[in-house]
Amino acid sequence: MALPKRATLAGTAALVTAALLAGCGGGSGSGGAAAADSKPRDGGTLIVGQYQEVTQFDPNRQYSWETWRIDRNIYETLVNEDLTAPTGVPKIVPGLAESWTVSPDATTYTFKLRRNVKFTDGTPFDAKAVEFNVRRFSDPKFEYYDKVSAATMSLVYADLASFKVVDDHTVQYVFKKPFLDYLRQIPNSGNAASGIFSPEALKKYGQDGLADNPVGTGPFKFQERVRGDHTTLVRNPDYWGARPHLDKVIFKPIGDDQSRVAALRSGAVDLISRVPPDSVQTLDKAGFAVPENKNVPQIIYYSFNYANKYLQDKRVRQAIIQAVDRKTLAEKIYKGYATPATSILNQGNEAYDASAVDYPYDPGAAKKLIADAGYQPGEVAFTILSDTTGQPTAEFIQQQLKAVGIEASVESFEWITYGTRSANLKPTDGINLGEWGYIAPNWVKIAHNYAVVNRDGDKYSDTSSATTKAIDAAAYNSDPAKSKQLWQTAAQTWARDATIFPLLSFNRYYAVAPRVGGFVWPQQDHYDLSKVWVAD
């Protein structure tokens, strides 16, 4: 398939030069400027410049927000979120389920499924299709059980006790313990996505083939992926819901910051993610929308490698946290377009506590902690792992650590390679970058399991039992009125372990061309393209 002329590789190769020559006014035409104020228009192609290469289009195996920003247009979930407002926690709304009930103890969720819905391969969506999806990651006796999916989906479904088909259009999930956040978690997926795929597609293409041949019920359907260049979705003509305005959406991975900005300014793409802080003002002056949102659930953080002998000592971990001036990082490196994070409960989380603080910046205290741990200046040494986009942050941390006597080197990789490398840590690795976060407060439990429990980090904290107790108290609470306080207590208790290093959250993330209308950056890590339109 040929891409539209403005998105060809040849055009991309010349983007940086073209943008530099264009000056501040480049990329904003009068026709485009009218799009955001005009009435919605049907037809056309939206081209999105993503800052990462995506992983795979298999909802049970995928990871990364950039991947889910594509996947959620193909696969739908039982419940959805209303992403039409830029502020406020999105309301949970019907998706593939038109209604649902929750037991008083929050252990049993019963969903009435939407009728007359079909996957884009023409096969029916019904209770049996949902059962197939669930058994794939939960039932080792199932013919199509997948260990890879089971490991990923356990982040959300580890306590699933049973699943039952009640009738052709009713299903029931029963959890071993209360799970108040389950409804919120269903559509809230960077990892462990609950998107429903066509059982026949998996049977046809196999466990590894679904990612290259994704089939869902969404407003768009998969057309093609050329790795490293683009993924194309086209409008689903048989979609059960409201017709999307766009005929086609093309997602292009553009890992280099300046090339991504240049692509937007030249008109080769219409929307970019992870706007470099140095480009915010120039894009704004040139007529591009760079919306501000200080309540997104996204958070940048670092995890510790407990196979590293130095990081097995809490004093060293605490020294790392206290050595880094997160306020200066947000103000100087990110030009004020980020907010320092001092709790793993990110700003957009339902249990966010603005007063929560882990260990404040204090280089003097950091030096003392290193000495108390028995190390001389320069003796503690390790590698900081990052993706290429996060390299400036990693280098800032490297400099701050050096100032307190810790020697750190930086290794950065493009996203896919980084994912593999960070999953296979070496004993010389120290900390590695993460970008995640959820609206649902049980993000605390997910993050703790992912960053600490799965790495055997609990054994290196003298307060880990208190953390586990506090997290369990919040996770298995069935009273909504108590939930927020319990999660705040859990997060603050965990912070004392010094087993996670929250860093910052962005308040400018997307930039949008004037020709694009209907784009909203909601209080969420993804967006809804079904209501977006473009002007020619």
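The values are calculated or read from the model by the stated rules, or taken from the named source; none is laboratory data. Every value quoted in this text rests on a predicted model; they were computed, and no experiment measured them. Counting neighbours? That spans all protein chains shown, and the Cβs are built from the backbone with ideal geometry, glycine included. All accessible areas refer to the heavy atoms of the entire protein, side chains included, with ligands and DNA or RNA removed. Shrake-Rupley method; radii C 1.70, N 1.55, O 1.52, S 1.80 Å.
Here are some notes:
- A residue that is of a type outside the set (Phe, Trp, Tyr), more than 17 Å from the chain's Cα centre (by Cα) and more than 19 Å from Gln185 (Cα to Cα) can be found somewhere in segment 430-442.
- Of all the criteria given as (1) closer than 30 Å to Glu350 by Cβ; (2) surrounded by fewer than 20 Cβ atoms within 10 Å (Cβ to Cβ), the one not satisfied by Tyr205 is (1).
- Among (1) more than 24 Å from the chain's Cα centre (by Cα); (2) among the charged types (D, E, K, R); (3) part of a helix (DSSP H, G or I), the one test that Arg243 misses: (3)
- Within segment 113-122, restricting attention to residues that are open to solvent by 30 Å² or more (accessible area, probe 1.4 Å) and part of a loop (DSSP other than H, G, I, E, B), the residue that is nearest to Arg235 (Cα to Cα) is Thr120.
- Among residues of segment 464-477 being surrounded by fewer than 16 Cβ atoms within 10 Å (Cβ to Cβ) and not acidic (Asp, Glu), the one that is modelled with the lowest pLDDT is Ser465.
- Cross-chain or 6+ apart pairs with Cβ under 8 Å, segment 281-301 first and farther than 13 Å from Ala338 by Cβ and at pLDDT below 95, then of a type in the set (A, V, I, L, M) and not in a helix (DSSP H, G or I): Pro297/Ile439
- Once segment 492-527 is narrowed to residues that are among the aliphatic types (A, V, I, L, M) and over 30 Å from Gln318 (Cβ atoms), the residue that is most open to solvent (accessible area, probe 1.4 Å) is Val520.
- Candidates are the residues of segment 357-394 that are at pLDDT below 95 and hydroxyl-bearing (Ser, Thr, Tyr); the one that is surrounded by the fewest Cβ atoms within 10 Å (Cβ to Cβ) is Thr388.
- Within segment 44-66, the set of residues being among the charged types (D, E, K, R) and open to solvent by 10 Å² or more (accessible area, probe 1.4 Å) comprises Glu53, Arg61.
- The single condition from (1) out of contact with any strand residue (DSSP E or B) (no Cβ under 7 Å at 6 or more places or on another chain); (2) within 26 Å of Pro277 (Cα to Cα); (3) open to solvent by 30 Å² or more (accessible area, probe 1.4 Å) that Pro340 fails is (1).
- Qualifying positions in segment 306-331 - over 16 Å from Asn507 (Cβ atoms) and open to solvent by less than 10 Å² (accessible area, probe 1.4 Å): Tyr306, Asn308, Leu311, Val316, Arg317, Ala319, Ile320, Ile321, Ala323, Val324
- For Val404: the one exception among (1) of a type in the set (A, V, I, L, M); (2) touching a strand residue (DSSP E or B) at 6+ places or on another chain (Cβ under 7 Å); (3) in a loop (DSSP other than H, G, I, E, B): (2)
- Failed condition for Val520, given (1) over 19 Å from Ile439 (Cα atoms); (2) in contact with a Ser or Thr (Cβ under 8 Å, 6 or more places away or on another chain); (3) among the β-branched types (Val, Ile, Thr): (1)
- Filter pass, Phe501 being under 19 Å from Thr87 (Cβ atoms) and aromatic (Phe, Trp, Tyr): no
- Flag if Asp247 is closer than 14 Å to Gln62 by Cβ, surrounded by fewer than 17 Cβ atoms within 10 Å (Cβ to Cβ) and modelled with pLDDT of 95 or more: no
- No other residue among Arg136, Arg184 is of a type in the set (D, E, K, R), open to solvent by less than 40 Å² (accessible area, probe 1.4 Å) and in contact with a Ser or Thr (Cβ under 7 Å, 6 or more places away or on another chain) apart from Arg136.
- Whichever residue in segment 154-170 is under 24 Å from Ile439 (Cβ atoms), of a type in the set (A, V, I, L, M, F, W, C) and touching a helix residue (DSSP H, G or I) at 6+ places or on another chain (Cβ under 7 Å) and, among such residues, is least open to solvent (accessible area, probe 1.4 Å): Val156
- Filtering segment 230-240 to residues that are surrounded by 17 or more Cβ atoms within 10 Å (Cβ to Cβ) and assigned to a loop (DSSP other than H, G, I, E, B) leaves Asn236, Tyr239.
- Checklist (1) crowded, with 21+ Cβ neighbours inside 10 Å; (2) in contact with a strand residue (DSSP E or B) (Cβ under 7 Å, 6 or more places away or on another chain); (3) in a loop (DSSP other than H, G, I, E, B) applied to Ile397, failing item: (3)
- Among the residues of segment 220-229, those identified as open to solvent by 10 Å² or more (accessible area, probe 1.4 Å) and either closer than 15 Å to Phe119 by Cα or aliphatic (A, V, I, L, M) (or both) are Lys221, Phe222, Gln223, Val226.
- Strands (runs of 3 or more DSSP E) wholly inside segment 252-371 that include at least 3 residues being out of contact with any helix residue (DSSP H, G or I) (no Cβ under 6 Å at 6 or more places or on another chain) and not polar (S, T, N, Q): 299-304
- Flag for Ala192 being open to solvent by less than 20 Å² (accessible area, probe 1.4 Å), part of a loop (DSSP other than H, G, I, E, B) and on the phi > 0 side of the Ramachandran plot: yes
- Restricted to segment 402-452, and to residues there that are charged (D, E, K, R) and modelled with pLDDT of 95 or more, the residue that is surrounded by the most Cβ atoms within 10 Å (Cβ to Cβ) is Lys445.
- Single unsatisfied condition, Leu210 versus (1) touching a residue at least 24 places away in the same chain (Cβ under 8 Å); (2) among the aliphatic types (A, V, I, L, M); (3) in contact with a strand residue (DSSP E or B) (Cβ under 9 Å, 6 or more places away or on another chain); (4) over 22 Å from Arg515 (Cβ atoms): (3)
- Residues of segment 139-153 that are under 26 Å from the mean Cα position of the chain (by Cα) and either surrounded by fewer than 17 Cβ atoms within 10 Å (Cβ to Cβ) or of a type outside the set (Asp, Glu) (or both): Tyr145, Lys147, Val148, Ser149, Ala150, Ala151, Thr152, Met153.
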